[in-house]
1. Would you say ILE60 is among the aliphatic types (A, V, I, L, M), under 30 Å from ILE139 (Cα atoms) and not in a helix (DSSP H, G or I)?
2. Mind checking which residues of segment 113-142 are of a type in the set (D, E, K, R) and surrounded by 10 or more Cβ atoms within 10 Å (Cβ to Cβ)?
3. Determine which member of the set LEU43, LEU117 is under 18 Å from LEU132 (Cβ atoms) and modelled with pLDDT of 95 or more.
4. Is it true that ALA79 is in contact with a helix residue (DSSP H, G or I) (Cβ under 6 Å, 6 or more places away or on another chain), hydrophobic (A, V, I, L, M, F, W, C) and closer than 24 Å to SER104 by Cα?
5. Can you tell me how many residues within segment 12-49 are of a type in the set (Ser, Thr, Tyr) and surrounded by fewer than 15 Cβ atoms within 10 Å (Cβ to Cβ)?
6. Between a residue in segment 7-20 that is within 25 Å of THR33 (Cα to Cα) and any residue that is surrounded by 10 or more Cβ atoms within 10 Å (Cβ to Cβ) and at pLDDT 90 or above, which pairs come within a Cβ distance under 7 Å, given they are 6 or more apart or on different chains?
7. Taking segment 63-87 as the search range and keeping residues that are part of a strand (DSSP E or B) and among the hydrophobic types (A, V, I, L, M, F, W, C), which one is farthest from the chain's Cα centre (by Cα)?
8. Of ASN103, ASN140, which residue is farther than 25 Å from LEU14 by Cβ, at pLDDT below 95 and polar (S, T, N, Q)?
Amino acid sequence: MTEHLPDEDTIFELLQALHKGISPKFERCAGITPTRFRLLQELFRVSEISQISLQKTLDIDAAAVTRHLRGLEDSGMIARRNNPADNRVTLVSLTDHGRDHINSYREEKTRFISELLTGFNEQERTVLAEMLTRLQYNINLL
């Protein structure tokens with residue numbers, strides 16, 4: 001007997017629902033949006049980076065990165081300053097306050113992912129990661 005496979009519409013709808021559902025649930029769990037978390041993680045990794053380089057590294061719209069950085073700056077998590085060598089360039093860095101919070105955000109992310117993957121064994125997690133990687137590759141080809 002042939003197993004019934006979900007059609008493309010069902011897969012697309014499930015992917016959309018996952019995309020729509022993950023961000024707000026992650027934010028409730030971790031207390032920060034996934035995008036802001038990614039920004040903080042990148043700033044933790046580098047000591048200082050230009051806003052344009054940060055935007056390109058994380059592939060975020062320029063207006064969105066400005067909005068997120070403004071919110072992070074208002075909360076004391078990051079600092080921005082003009083590059084002394086070129087006033088047109090804005091440099092971004094993590095503050096001590098941001099460094100103090102990054103580990104708790106990482107712990108919450110780990111907890112969130114663990115809960116999200118409840119019931120998946122190691123092999124299923126590996127297969128899922130491989131499939132998502134292939135989907136990302138295909139998206140990049142479009």
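1. yes
2. Matches in segment 113-142: GLU115, GLU124, ARG125, GLU130, ARG134.
3. Going through LEU43, LEU117 in turn, just one is under 18 Å from LEU132 (Cβ atoms) and modelled with pLDDT of 95 or more: LEU117.
4. Answer is no for this residue.
5. 2
6. Within 7 Å, no pair qualifies.
7. Ranking the qualifying residues of segment 63-87, first place goes to ALA79.
8. Of ASN103, ASN140, the one residue that is farther than 25 Å from LEU14 by Cβ, at pLDDT below 95 and polar (S, T, N, Q) is ASN103.
The values are calculated or read from the model by the stated rules, or taken from the named source; none is laboratory data. Since the structure is predicted, the reported quantities are computational estimates derived from the model, not experimental observations. Note that each Cβ is placed from the backbone with ideal geometry, even for glycine, and that neighbours are counted across all protein chains shown.
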